[in-house]
Amino acid sequence: MAEPATSTTKDAGGRLSLGSGPGRLLVWLYGVFTVAAASRAAFQLIAQYDRAPLSYILSAVSAVVYAFILFSLVRGGEAARRVGLVCCCLELLGVLGVGTWTLLEPSAFPDDTVWTGYGYGYLFIPVFLPVTGLLWLRRGRRAG
């Protein structure tokens with residue numbers, strides 16, 4: 001009988017599999033957000049850079065952070081889990097910092113970032129995603 005997919009599932013290399021079970025949803029969401037933020041930032045940096053450079057650079061930074069978390073979840077293992085924890089913390093700080101900054105000084109952001117208003121343009125998923133990621137990665141530590 002097959003072992004249920006939990007955070008304790010090991011991959012073929014014996015590493016803790018972070019992208020199994022409920023982690024698959026996180027992998028999917030981080031994949032979507034990586035592609036969305038990267039494509040949006042690439043277009044804006046190329047075609048509209050002079051309009052709102054800070055906004056577009058922050059969107060590119062968010063794409064890089066999302067990509068690192070996605071890689072950590074897919075890679076699995078203790079080292080990847082630690083990298084994922086650090087990146088989720090950076091993501092949460094970014095969402096809270098940029099979200100607050102955009103509310104206090106909207107003129108600094110003539111165009112939205114992924115993290116504007118705590119991710120309101122993305123149904124607030126950017127503020128919930130790092131919290132969920134942190135909880136999942138911590139669970140992987142306890143289970144491993």
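The values are calculated or read from the model by the stated rules, or taken from the named source; none is laboratory data. In this text the structure is predicted, and so the values were computed from the model without any measurement. So basically every Cβ, Gly included, is an ideal-geometry build from the backbone, and we count neighbours across all protein chains shown. Accessible surface areas use protein heavy atoms only, side chains included; no ligands, DNA or RNA. Shrake-Rupley method; radii C 1.70, N 1.55, O 1.52, S 1.80 Å.
Open to solvent by 40 Å² or more (accessible area, probe 1.4 Å), at pLDDT below 90 and over 27 Å from P110 (Cα atoms): does that describe G23?
No, not satisfied.
Here are some residues: S62, S72. Which one is touching a Cys at 6+ places or on another chain (Cβ under 8 Å) and closer than 15 Å to P130 by Cβ?
S72
Do the conditions hold for A47, that is, is it of a type in the set (A, V, I, L, M) and over 24 Å from R139 (Cα atoms)?
So A47 passes the test.
Given the criterion touching a Gly at 6+ places or on another chain (Cβ under 8 Å), open to solvent by less than 90 Å² (accessible area, probe 1.4 Å), among the polar types (S, T, N, Q) and in a helix (DSSP H, G or I), identify the matching residue among S55, S72.
Matching residue, one of S55, S72: S72.
Within the set of pairs 6 or more residues apart or between chains, which connect a residue that is more than 17 Å from G21 (Cβ to Cβ) inside region 122-144 to a residue that is acidic (D, E) and at pLDDT 95 or above with Cβ atoms less than 6 Å apart?
P130/E91
Please indicate, with yes or no, whether at least one residue in region 110-132 is at pLDDT 95 or above, open to solvent by less than 10 Å² (accessible area, probe 1.4 Å) and touching a Cys at 6+ places or on another chain (Cβ under 7 Å).
Yes, region 110-132 contains at least one residue that is at pLDDT 95 or above, open to solvent by less than 10 Å² (accessible area, probe 1.4 Å) and touching a Cys at 6+ places or on another chain (Cβ under 7 Å).
Does E91 satisfy the criteria of being under 21 Å from S59 (Cβ atoms) and of a type in the set (D, E, K, R)?
yes
Among the numbered criteria (1) hydrophobic (A, V, I, L, M, F, W, C); (2) in a helix (DSSP H, G or I); (3) modelled with pLDDT under 95; (4) open to solvent by less than 40 Å² (accessible area, probe 1.4 Å), which single criterion is violated by V95?
(3)
Considering each residue of region 85-144, count those that are of a type in the set (D, E, K, R) and within 15 Å of F68 (Cβ to Cβ), and give that number.
The qualifying residues number 1.
Can you tell me how many residues within region 133-144 are at pLDDT 90 or above and loosely packed, with under 15 Cβ neighbours inside 10 Å?
1
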